[in-house]
Amino acid sequence: MSSRQVLLSAAAIALLAPLAVPAPAAEPSQGAVAPAAPSSDAAESAATATPIKHLVVIFQENVSFDHYFATYPNATNPPGEPAFAAAPNTPAVNNLAKANLLKNNPNFINKANGADAAEPFRLDRTQAATADQNHAYSAEQQAYDAGKNDLFPKYTGKGTPGGVGAFGTKGQVMGYFDGNTVGALWQYAQHFAMSDNMFADSYGPSTPGALNVVSGQTNGMKIVISTKNPSTVSAVGYYVEDGQGGFTMVNDVDPGGDVCSVPKDQAMMSGKNIGDLLNAGSVSWGGFMGGFAFDATNANGSTGCKRSTHSTIVGSDVVDYIAHHNWFQYYASTANPKHDKASSLAAIGSSFEHDGTTRDPANHEYDLKDFYDALKAGNFPAISYIKAPAYQDGHAGYSDPLDEQAAVVDLVNFIEQQPGWKDTAIVITYDDSDGWYDHAFAPVTSASADQADQLNGPGKCGAGAPKPGVEGKPVNGRCGPGTRQPFIVVSPFAKTNYVSHTHTSLASVPRFIEDNWLKGARLGGGSFDAAAGSLMDLFDFKAGGKTAAVYVDPEQGTPLSAPPAGH
Amino acid sequence: MRTRLCLLAALALCAAAATIAAADDTAVPASGENPDPVKLVRREAKPLSAMAQLGKLLFYDTSLSFSGGLSCASCHSPDHAYGPATDKPVVLGGPDLKKEGARAVPSLMYLERQPSFSIGPDNEENENVDLAQAAALGESAVRAQKVATDTAAAGANLVPQGGLFWDGRADTLQQQALFPLLNPLEMAASSIDEVAAKLKNEPYAYRFTQLFGLAVFDDHQMAVTEALFAIGRYQIEEPSFHPYTSKFDYWLEGRARLSEQEMRGYTLFNDPKKANCGGCHLDKPTADGLPPLFTDHQYEALGVPRNAALAANADPAYFDLGICGPYRTDISDQTQYCAMFATPTLRNAATRQVFMHNGVYHTLEQVLDFYDFRDVAPDKIYPRAADGTVLKYDDIPDKYRPNADIADPPFDRHPGDPPAMTAQDEADIIAFLKTLTDGYQPAK
């Protein structure tokens, strides 16, 4: 998806090819969530299977597990950088250090990588701004090479240059950060619980990951408007034919009708997502994204779809809202294509305005600022999916680990000081790996035999019948599990300095929501939720929720002795 | 037809705006103060990181060159705005320090916000358009004229922009630093392996292992890449590469007054009917409050005269075509960009002794004369052939001469038209350009 691209603004494309795109018809969802009473935390009274009453999913971008945890818990600690020292008895994690892959790595030994063959290497804090790697559906499968994980430099090691101060090298895909750069995440791992066995449900970039974390399903894609053909190894597109007359999304495409989508390539999804189930169960929820509010104006005067923020680290202005990251916007029942505002802070999380009968215009889609404002007003939805503004989402090329850390820490520090913290679980995880090297491989459980599949040779991913799609028949295009990504739970109920080895996936998130709030209801339609691993190993509900909050310095990534000032 | 009408309408608006702007400028108080001061955002000064300290050692290390006589700082002199210390059009290098470089040495200052090379505005979040596709779109797109009073429209033009070097062939400072190191006309290192071997034996080699691990020198390519990144990081962190301490910066902030002559020059600089410098050399702070860079990062075929002082130009078949070669090779098939070169910043330009990509000019007067007379009196700019005809655009092959900019003022004039500037105008503009030199001490 990204071999040395030179890029064109959406505005320029719009100028050249103005195309009217019909907004998706608003479909009434099944069930709905009534608004909260003013200044009360309605989520506290919802019936749940565990003591958890609030789940906050901080959904970041494009990091493989080894990219951030290759040497955990040991950091290099060069002079002048924030140092990291591991707590005694820190458990071992399945990383490059433990697997003894920092030297004589198969990506260095395999001659097929050519001049780009490289050993894993440390990326310094000053190298936080890096080039972006290739993270397309087919390229990732080629890099994983039937589980040998030895062709990353050849297949995913080519990306965009990044900013003028960015670091780029041959074999850069083998680079990893340590606790001198991603200190906050290492601190959270020390004080709370982390999984070293969480995989994307299928290979591919952002949009498939965003769909899986809310629905466990990438089949059932409907083209709204398209310039692309089905994806192949040589001509990357965003979908494949599923073999049953429908389509499965395998790469990025903007959601249909979103006012910020590029005009010529848009798609929608026909299955259900967790928002539909939460509406049916009358559980409050929202998707909160940086840059979503249409009427807001940034400090630099930018507004609408063009709101942007200058990152000193990346060295450029970065647009805040990226439409192809917006999980719920792909489903007519949970979309807010015009970015309408909620009628009030009390209505955030609910389907209706305060009168309880008028449908709230936001339809559960909000700006990140609304999350902060709602919590300050005492309205903490049961389920919150959060996407930072792009410069802080962690995606190499236009974001970086240091800008990312500032956003994540700001959120966690803030939530830890809320009354609702006592029964909150914060999940920090990632939509895809960016193509960054990871040594772990999960044997294929979701086979696919489309021309775009490459894991076990041309047109092959695994063996046997593919898993069912939205219509219940086997469909291609869901080759997985895919790449391994970090997954951290910050909660008073999280185990302390614990690493879970239970196999989980992004679809484990909707499964947790279903188990906790919805009596184990499932999405159906071939969703991965039913078979996804449980997150329960990360929690200890017998200890009474006594895991202490940890406040972190957003720039240094080191613990603070006292809670910082409010957001 | 319709497009042309729209463009004409826009131009009329621009002209109206220019009139208003000029009226505003005459209303500037005689005191020379900025009537509307702004707060500029400068980088917070921090101690150099270990990486940048290593980069500094490398930046000044002559032992990395084949001759042992050249470092980065030899051509990018810290005492000369990180540009050349001499008035020679190009610097001598190579194994024997006798080879001429290909182009005038550009300054390394004010590159910390340089965008990557692209056709049209760069946009890292969009991952779906490659260079050839963008160039194809650019061919059919309407190009807005560049006028100092409305730079936003031209900023959206689907034209080449960004990147480093005169031809934009590198995107990052790290990539950039490799070229002079291996260029046989410059530092002339014979290979990556040779450079890596030298690095391993440097007294500061321990800094490499400290930052990159004990195995760093096992992989020569990686060791050199880290060294080049460190050099770029030094340029990013070291404040003297981007201090924003010119008189004009302080004037923007209301901390300095421009003299009457400087103020006249500033007005001429931004007058589309006069010099129109500000059409490309943007002088407004960004919306984020970042100081102006005095470049739009775009490329232009100005058609400056061939420089007979360059040895390479003795070959009449040799042409330096900028974006389409010979040093850049990836888009040489996009011939609509042939003879285009980057628009440099004007910050510290008044300290330079050599101008334009081929170093053909040595004073700002010569540069301004070029803009003044290229179209109205080309005989003052270009040599004549034996038959007496003026050899306009003599450094561009015939077939690429249509690429020359004849749209943006003052290049839209014709022989016999009055020149855009008088001698006094030029003197005033030069007085203004001198306010772009760093190191001014504000009174308050």
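In region B:235-294, how many residues are within 14 Å of another protein chain (Cβ to nearest Cβ) and β-branched (Val, Ile, Thr)?
Here the count works out to 2.
If you take the residues of region B:31-53 that are in contact with a Lys or Arg (Cβ under 6 Å, 6 or more places away or on another chain) and facing chain A (nearest Cβ under 8 Å), which of them is surrounded by the fewest Cβ atoms within 10 Å (Cβ to Cβ)?
B:Ala52
Before we move on, is A:Phe167 within 14 Å of chain B (Cβ to nearest Cβ) and buried (at least 24 other Cβ atoms within 10 Å of the Cβ)?
yes
Any chance you could count how many residues in region B:160-178 are more than 10 Å from chain A (Cβ to nearest Cβ) and either surrounded by fewer than 23 Cβ atoms within 10 Å (Cβ to Cβ) or under 20 Å from B:Pro95 (Cα atoms) (or both)?
Adding up the residues that qualify gives 4.
Going by the structure shown, is B:Tyr234 of a type outside the set (Val, Ile, Thr), surrounded by 24 or more Cβ atoms within 10 Å (Cβ to Cβ) and part of a helix (DSSP H, G or I)? Don't jump to the end; show me each part of the working.
Details: of a type outside the set (Val, Ile, Thr): yes; surrounded by 24 or more Cβ atoms within 10 Å (Cβ to Cβ): yes; part of a helix (DSSP H, G or I): yes.
Here the answer is yes, as B:Tyr234 does meet what is asked.
Residues of region A:466-503 being in a strand (DSSP E or B) and either farther than 25 Å from A:Met269 by Cα or under 23 Å from the mean Cα position of the chain (by Cα) (or both), which ones?
Once the filter is applied, which keeps residues that are in a strand (DSSP E or B) and either farther than 25 Å from A:Met269 by Cα or under 23 Å from the mean Cα position of the chain (by Cα) (or both), region A:466-503 yields A:Gly480, A:Arg484, A:Phe487, A:Ile488, A:Val489, A:Val490, A:Ala494, A:Tyr498, A:Val499, A:Ser500.
Only one of (1) within 14 Å of chain B (Cβ to nearest Cβ); (2) closer than 26 Å to B:Asp218 by Cβ; (3) not small (Gly, Ala, Ser) fails for A:Asp132. Which number is that?
All conditions are met except number (2).
Restricting to region A:506-540, count the residues that are hydroxyl-bearing (Ser, Thr, Tyr) and not in a loop (DSSP other than H, G, I, E, B). Explain how you work it out, then say what you get.
Let us first name the residues in region A:506-540 that are hydroxyl-bearing (Ser, Thr, Tyr), namely A:508, A:527, A:534.
Right, trim to not in a loop (DSSP other than H, G, I, E, B) and you get A:508.
Result for region A:506-540: 1.
So which residues in region A:63-97 are over 28 Å from B:Tyr206 (Cβ atoms) and surrounded by 15 or more Cβ atoms within 10 Å (Cβ to Cβ), if there are any at all? Even if it seems obvious, please write down each step before you answer.
Step one: list which residues in region A:63-97 are over 28 Å from B:Tyr206 (Cβ atoms), which gives A:63-65, A:87-94.
Within region A:63-97, A:Val63, A:Ser64, A:Phe65, A:Thr90, A:Val93, A:Asn94 meet the criteria.
Residues checked against (1) within 12 Å of another protein chain (Cβ to nearest Cβ); (2) modelled with pLDDT of 95 or more:
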site: A:Glu27; (1), (2): no, no
site: A:Gly31; (1), (2): no, no
site: A:His54; (1), (2): no, yes
site: A:His67; (1), (2): no, yes
site: A:Ala83; (1), (2): no, yes
site: A:Thr90; (1), (2): no, yes
site: A:Leu101; (1), (2): no, yes
site: A:Ala118; (1), (2): yes, no
site: A:Phe121; (1), (2): yes, no
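Please tell me if B:Gly168 is under 30 Å from B:Ala134 (Cα atoms), in contact (Cβ under 8 Å) with a residue 60 or more places away in the chain and not in a loop (DSSP other than H, G, I, E, B). Talk me through it step by step, then tell me what you get.
Working: under 30 Å from B:Ala134 (Cα atoms): yes; in contact (Cβ under 8 Å) with a residue 60 or more places away in the chain: yes; not in a loop (DSSP other than H, G, I, E, B): no.
Taking the combined requirement at face value, the residue does not satisfy it.
Looking for whichever is modelled with pLDDT of 95 or more, of a type in the set (A, V, I, L, M, F, W, C) and in a loop (DSSP other than H, G, I, E, B) here; the options are A:Val427, A:Val444. Which one fits?
Values: A:Val427 fails: in a loop (DSSP other than H, G, I, E, B).
Criteria check complete, one pass: A:Val444.
Within region A:189-268, considering only strands (runs of 3 or more DSSP E) that don't extend past its boundaries, which have at least 3 residues that are within 30 Å of A:His501 (Cβ to Cβ), in contact with a Phe, Trp or Tyr (Cβ under 8 Å, 6 or more places away or on another chain) and modelled with pLDDT of 95 or more?
Because the criterion is at least 3 residues that are within 30 Å of A:His501 (Cβ to Cβ), in contact with a Phe, Trp or Tyr (Cβ under 8 Å, 6 or more places away or on another chain) and modelled with pLDDT of 95 or more, the strands (runs of 3 or more DSSP E) in region A:189-268 that meet it are A:193-195.
So, in region B:179-193, exactly how many residues are out of contact with any strand residue (DSSP E or B) (no Cβ under 9 Å at 6 or more places or on another chain) and either under 15 Å from B:Tyr327 (Cβ atoms) or surrounded by 15 or more Cβ atoms within 10 Å (Cβ to Cβ) (or both)? Can you show your working first?
Here is the first cut: in region B:179-193, the residues out of contact with any strand residue (DSSP E or B) (no Cβ under 9 Å at 6 or more places or on another chain) are B:181-182, B:189-193.
Next cut, either under 15 Å from B:Tyr327 (Cβ atoms) or surrounded by 15 or more Cβ atoms within 10 Å (Cβ to Cβ) (or both) only: B:181-182, B:189, B:192.
Matching residues across region B:179-193 total 4.
Residues in region A:311-344 that are away from chain B (no Cβ under 14 Å), buried (at least 24 other Cβ atoms within 10 Å of the Cβ) and either of a type in the set (Ser, Thr, Tyr) or without any contact (Cβ under 8 Å) to a residue 24 or more places away in the chain (or both): how many?
Residues that pass the stated criteria total 3.
Within the group B:Glu226, B:Glu186, which residue is of a type outside the set (Phe, Trp, Tyr), facing chain A (nearest Cβ under 9 Å) and in contact (Cβ under 8 Å) with a residue 12 or more places away in the chain? Give the derivation first.
Working: B:Glu186 fails: facing chain A (nearest Cβ under 9 Å).
That would be B:Glu226, the only listed residue that is of a type outside the set (Phe, Trp, Tyr), facing chain A (nearest Cβ under 9 Å) and in contact (Cβ under 8 Å) with a residue 12 or more places away in the chain.
So, in region A:103-116, of the ones that are of a type in the set (S, T, N, Q) and within 14 Å of another protein chain (Cβ to nearest Cβ), which residue ends up surrounded by the fewest Cβ atoms within 10 Å (Cβ to Cβ)?
Filtering first and then ranking leaves A:Asn104.
Within the set of pairs 6 or more residues apart or between chains, which connect a residue that is surrounded by fewer than 23 Cβ atoms within 10 Å (Cβ to Cβ) inside region A:418-434 to a residue that is in a strand (DSSP E or B) and among the hydroxyl-bearing types (Ser, Thr, Tyr) with Cβ atoms less than 8 Å apart?
A:Gln418/A:Thr424
From A:Gly271, A:Gly291, A:Gly286, grab the single residue that is within 30 Å of A:Thr227 (Cβ to Cβ) and buried (at least 24 other Cβ atoms within 10 Å of the Cβ).
Being within 30 Å of A:Thr227 (Cβ to Cβ) and buried (at least 24 other Cβ atoms within 10 Å of the Cβ) holds for just one of A:Gly271, A:Gly291, A:Gly286, which is A:Gly291.
Just the residues that are within 14 Å of chain B (Cβ to nearest Cβ) and touching a residue at least 24 places away in the same chain (Cβ under 8 Å), please, taken from region A:279-303.
Here is the first cut: in region A:279-303, the ones within 14 Å of chain B (Cβ to nearest Cβ) are A:289-291, A:297-303.
Once the filter is applied, which keeps residues that are within 14 Å of chain B (Cβ to nearest Cβ) and touching a residue at least 24 places away in the same chain (Cβ under 8 Å), region A:279-303 yields A:Met289, A:Gly290, A:Gly291.
Answer yes or no: is there a residue in region A:155-163 that is within 10 Å of chain B (Cβ to nearest Cβ) and in contact with a helix residue (DSSP H, G or I) (Cβ under 9 Å, 6 or more places away or on another chain).
Scanning region A:155-163, I find at least one residue that is within 10 Å of chain B (Cβ to nearest Cβ) and in contact with a helix residue (DSSP H, G or I) (Cβ under 9 Å, 6 or more places away or on another chain), so the answer is yes.
Among B:Glu125, B:Glu112, B:Glu139, which is within 21 Å of A:Ala166 (Cα to Cα), within 13 Å of chain A (Cβ to nearest Cβ) and modelled with pLDDT under 90? Give the steps one after another, and end with the answer.
Details: B:Glu112 fails: modelled with pLDDT under 90; B:Glu139 fails: within 21 Å of A:Ala166 (Cα to Cα).
From the options B:Glu125, B:Glu112, B:Glu139, the qualifying one is B:Glu125.
The values are calculated or read from the model by the stated rules, or taken from the named source; none is laboratory data. These figures come from a predicted structure and were not determined experimentally. Methodologically, a virtual Cβ is constructed for each residue, glycine included, from the backbone with ideal geometry; neighbour enumeration extends over all protein chains shown.
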